[in-house]
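Read through the structure below, which is laid out as structure tokens, and then see the notes.
The values are calculated or read from the model by the stated rules, or taken from the named source; none is laboratory data. This structure is a prediction, so every number in the text was calculated from the model and none was measured. Here the Cβ positions follow ideal geometry from the backbone for every residue, glycine too, while neighbour counts run over all protein chains shown.
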Amino acid sequence: MGLDIRWPIGLMFSLIGVIMTLFGLATSSNAEMYHRSLDINVNLYWGLLLLVFGGWMLLMAWRAAKAGPAPEDKNSKPH
Amino acid sequence: MNNVQLGFVDYAVLAIYVIAVVAIGFALRRYMKSSSDFLTSGRSIPAWVTGLAFISANLGALELVGMAASGAKYGIATSHFYWVGAIPAMIFLAVFMMPFYYGSKARSVPEYLKMRFDERVRALNSIAFAVMTVFASGISMNALAKLLNQLLGWNYHLALWICSAVVLVYVLKGGLTSAIYTEVLQFFMIVLGFAPVVYLGLKDVGGWGNMNASLQTVAQNPMALNLGEKAYAADAWTSAWNPLLGGPSANPMGVDLFAMVFGLGFVLSFGYWCTNFLVVQRAMAAKNMSAARRTPLIAAVPKMIFPILVIVPGMIAVALTSMPNKNYRIPPPILSEQVYDQAAAVVKASTALEGAAGVEAVTKAIGKKMDSAKVTALLKDAPKLSDADIKKGLYNAIAEYDYDGVILSLVKKYCPTGLLGLALTALLASFMSGMAGNVTAFNTVWTYDLYQAYLAPNKSDQHYFWMGQAITVVGILLSIACAYFASMYNNAMDIIQLVFGFVNAPLFATFLLGMFWARTTGTGAFLGLFGGIGGSAVFHALTTTFSNLDASGHVLNGMKGGYLGVLVKFPSEMAQNFWLASFAFIICFALTLGISMATRRTKTDEELRGLVYSLTPKIKDEEQSWYLRPATLGIVLLLCCVILNLIFR
């Protein structure tokens, strides 16, 4: 089908990653809030990881789109 | 008890997810032109997408909640549901069965049965499947909505209807393709949403080694935490195979080796993974035979490592419960605030009562088994404590556990605002992926195997396209109705699930004989199935568990078997269930074999080409690179699985 699923996945995780990273930065001085996550600013670190994952998905989708339709597998003749 | 408050960021994460899945539905709308686009994706999807969807459709909310619960109850042995009860069957499906499903051009599993046998077998299978998917969907929806309501304070009806509405929108717009695409997105959401919780939990208990050390202490004396009634060897929670080899009394599952390997690993596992249209449909949507065969193999990779995500949380919960300074317990059964208020009043009034009398009064007020040492201590301290502290003390003193609450309780414990939104979104994603899986399998079976086959044949494709969409709406409404039914008539639901267990148990015998023995006849398959179903029912009626018998040997609850007399007693319901499946399989196998020999073949070899192993030209894999050949991949995966079993033996 005409939609490369990596676009929506990449967009969604990048966006969530940005939000969580920014929120993590904004709340980095709030020690009480991060007490429950063992004093780790999980929003910042996990947000960054989501951002990397989302960016990687977008990159893959972009490369695929640039390369044009993928060459068909040898045995993809309709059965 | 105390509900968590969601912040603005949490709602933002949730909203972005909902927008993403709905957008996928709308983006695919323009490709939906015929019934096959809508119901079978026009067989156009790459293998990695169908592979992840395959596993995601299986990873419903009940799987997440239930496996964490089992992780707490049985420890690492729960991985048998993965490394014994899934991977081998998934490999078998890919290597041996997909060529028939995909190559026969059947649009569904029941349609394959029609081609291979006759209309009777198809009708039996499709009706049972259609009813079962709706009920399965409803049961899972009710369970999740209830959990969200009790642990987060969300409105039950709102949670139910909003989730259903989101699924409805994207399935209605983009059909099976939409369900498969969103399942891939949901797969990543579930993994990335729960991984940090598992990480934080493991870090908190002091790492893997420390967790195992705590679990070994617990195993030798589970009574101290009210986690069980008898002691086990130290490795009962931390080894997968050693306790099993020690026999049913040596492992908390109460299962013997044969039941585990044959009952779960062969009959139940192959019966689910190789014949259930919910998962097989994903592989059938792949763009070509090679992609279809690789689908279950790609799915097997995450399935193999999922135990970290779904079982380890349960083990963490037990370890935390055993550490007094962690201020955590596996949640008790949910009680309303009034019960706690009344019980707190009883505590205050009973401080003067001596010993046992006070404990008894408090236990009566709560209505659950209580830890008498904790209640005694609470009574002693009560005059100095505030109401809130007394209620907290009561909560901690309840000696029963609601294991299904494990996963959400860990999310609550470790997630600050932000991560909390992500983890809850992951939970909702698992809920929606399971539901969309059920709905898309249901609408295809209804439209092609019931409506087109029996109610309205020879209509235009546009008519079936319309019917596919209409039945999607109906299917979701029926699921919601089932969810309400489940919330009101819990016992009726148990009976229904029991009956479905009977129907499913013998199924794999029919497929195995049908696919690998050309002599199998339609009559043999049909009567064999009925025999197997009947055999399960009789087996259930004549066996029960030890715990379901009172001191004089009378059956306590007929739902747990033995209502026609007790011939065999099992140590646990799980063992009874595995043996039931094994029995049903053998009955069905023998009957199908015998009746097929006695009846005349109705299909010629020519008609069975592409449907039966011996009559189908072998697929030439040699054209592909060796690492893409299903057989090679299958062997590699099987080896990995064996290694995992050895590591965690």
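Of B:Gly434, B:Gly468, B:Gly405, B:Gly475, which residue is part of a helix (DSSP H, G or I), over 23 Å from B:Thr182 (Cβ atoms) and away from every other protein chain (no Cβ under 14 Å)?
B:Gly405
Among residues belonging to region A:8-52 that are free of Cβ contacts under 8 Å to residues at least 12 places away in the same chain and among the small types (Gly, Ala, Ser), point out the one that is nearest to the other protein chains (Cβ to nearest Cβ).
A:Ser37
Working carefully through the options B:Val346, B:Val312, B:Val359, find the one that is away from every other protein chain (no Cβ under 14 Å) and in contact (Cβ under 8 Å) with a residue 40 or more places away in the chain.
The conditions single out B:Val312.
Check off (1) buried (at least 24 other Cβ atoms within 10 Å of the Cβ); (2) without any contact (Cβ under 8 Å) to a residue 24 or more places away in the chain for B:Pro457 and give me the number that stays unchecked.
(1)
Which ones in region B:380-405 are hydrophobic (A, V, I, L, M, F, W, C) and under 14 Å from B:Leu225 (Cβ atoms)?
B:Ala397, B:Ile398, B:Ala399, listed by residue number.
Please tell me if B:Ala179 is out of contact with any Asp or Glu (no Cβ under 6 Å at 6 or more places or on another chain), in a helix (DSSP H, G or I), of a type in the set (A, V, I, L, M, F, W, C) and away from chain A (no Cβ under 14 Å).
no
Give the residues of region B:221-232 that are surrounded by fewer than 15 Cβ atoms within 10 Å (Cβ to Cβ) and in contact with a helix residue (DSSP H, G or I) (Cβ under 9 Å, 6 or more places away or on another chain), sorted by residue number.
Residues satisfying the conditions are B:Ala224, B:Glu229, B:Lys230, B:Ala231.
Out of all the residues in region B:488-496, is one or more more than 30 Å from A:Trp46 (Cβ to Cβ), part of a loop (DSSP other than H, G, I, E, B) and of a type in the set (Gly, Ala, Ser)?
No: zero hits.
Please enumerate the residues belonging to region B:612-649 that are away from chain A (no Cβ under 14 Å) and assigned to a loop (DSSP other than H, G, I, E, B).
The answer is B:Val612, B:Phe648, B:Arg649.
Against the condition more than 30 Å from B:Ile480 (Cα to Cα) and buried (at least 24 other Cβ atoms within 10 Å of the Cβ), how does B:Thr50 come out, does it pass?
no
Would you pick out the residues in region B:358-388 that are of a type in the set (A, V, I, L, M) and within 18 Å of B:Ala399 (Cα to Cα)?
Those that are of a type in the set (A, V, I, L, M) and within 18 Å of B:Ala399 (Cα to Cα): B:Val359, B:Ala361, B:Val362, B:Ala365, B:Ile366, B:Met370, B:Ala373, B:Val375, B:Ala377, B:Leu378, B:Leu379.
Assess whether B:Ser536 counts as being buried (at least 22 other Cβ atoms within 10 Å of the Cβ), more than 24 Å from B:Ala492 (Cβ to Cβ) and touching a residue at least 40 places away in the same chain (Cβ under 8 Å).
It is false that B:Ser536 is buried (at least 22 other Cβ atoms within 10 Å of the Cβ), more than 24 Å from B:Ala492 (Cβ to Cβ) and touching a residue at least 40 places away in the same chain (Cβ under 8 Å).
Do the conditions hold for B:Leu200, that is, is it surrounded by 16 or more Cβ atoms within 10 Å (Cβ to Cβ) and within 14 Å of chain A (Cβ to nearest Cβ)?
So B:Leu200 fits the description; yes.
Name every residue in region A:25-51 that is in a helix (DSSP H, G or I), under 17 Å from B:Val13 (Cβ atoms) and not hydroxyl-bearing (Ser, Thr, Tyr), in order of residue number.
Of everything in region A:25-51, those that are in a helix (DSSP H, G or I), under 17 Å from B:Val13 (Cβ atoms) and not hydroxyl-bearing (Ser, Thr, Tyr) turn out to be A:Leu25, A:Ala26, A:Met33, A:Val42, A:Asn43, A:Leu44, A:Trp46, A:Gly47, A:Leu48, A:Leu49, A:Leu50, A:Leu51.
Give B:Trp517, B:Trp579 a once-over and let me know the one that is in contact (Cβ under 8 Å) with a residue 12 or more places away in the chain and over 26 Å from the mean Cα position of the chain (by Cα).
From the options B:Trp517, B:Trp579, the qualifying one is B:Trp517.
Working only within region B:554-606, note down all residues that are more than 30 Å from B:Leu512 (Cα to Cα) and either in the same structural domain as B:Ala77 (by TED's automatic domain parsing) or part of a helix (DSSP H, G or I) (or both).
If the condition is that a residue be more than 30 Å from B:Leu512 (Cα to Cα) and either in the same structural domain as B:Ala77 (by TED's automatic domain parsing) or part of a helix (DSSP H, G or I) (or both), then B:Gly558, B:Met559 are the ones that fit.
Go through region B:1-42 and count every residue that is among the aromatic types (Phe, Trp, Tyr) and either more than 8 Å from chain A (Cβ to nearest Cβ) or surrounded by fewer than 17 Cβ atoms within 10 Å (Cβ to Cβ) (or both).
Of the residues in that region, 4 qualify.
Please identify the pairs in which a residue from region B:194-205 that is over 18 Å from B:Ala61 (Cα atoms) and in contact (Cβ under 8 Å) with a residue 24 or more places away in the chain has its Cβ atom under 8 Å from the Cβ atom of a residue that is buried (at least 18 other Cβ atoms within 10 Å of the Cβ) and of a type in the set (S, T, N, Q), counting only partners at least 6 apart or on another chain.
Between residues of region B:194-205 that are over 18 Å from B:Ala61 (Cα atoms) and in contact (Cβ under 8 Å) with a residue 24 or more places away in the chain and residues that are buried (at least 18 other Cβ atoms within 10 Å of the Cβ) and of a type in the set (S, T, N, Q), the close pairs are B:Leu200/A:Ser37; B:Val205/B:Ser214.
Condition (residue is under 22 Å from B:Met284 (Cβ atoms) and either surrounded by 24 or more Cβ atoms within 10 Å (Cβ to Cβ) or in contact with a strand residue (DSSP E or B) (Cβ under 7 Å, 6 or more places away or on another chain) (or both)) applied to region B:415-422: is it met by at least one residue?
Checked against the condition, which is being under 22 Å from B:Met284 (Cβ atoms) and either surrounded by 24 or more Cβ atoms within 10 Å (Cβ to Cβ) or in contact with a strand residue (DSSP E or B) (Cβ under 7 Å, 6 or more places away or on another chain) (or both), region B:415-422 yields no hits at all.
Restricting attention to region B:64-72, does a residue exist that is of a type in the set (A, V, I, L, M, F, W, C), closer than 17 Å to B:Val279 by Cβ and at pLDDT 90 or above?
Within region B:64-72, one or more residues are of a type in the set (A, V, I, L, M, F, W, C), closer than 17 Å to B:Val279 by Cβ and at pLDDT 90 or above.
Restricting attention to region B:247-264, and to residues there that are in a loop (DSSP other than H, G, I, E, B) and touching a helix residue (DSSP H, G or I) at 6+ places or on another chain (Cβ under 6 Å), which single residue is farthest from B:Glu229 (Cα to Cα)?
So the residue we want is B:Asp256.
Tell me, yes or no, whether region B:525-532 has at least one residue that is part of a loop (DSSP other than H, G, I, E, B), buried (at least 18 other Cβ atoms within 10 Å of the Cβ) and in contact (Cβ under 8 Å) with a residue 60 or more places away in the chain.
No, region B:525-532 has no match at all.
Does B:Ile533 satisfy the condition of being β-branched (Val, Ile, Thr) and closer than 30 Å to B:Val171 by Cβ?
When the stated conditions are applied, B:Ile533 does not pass them.
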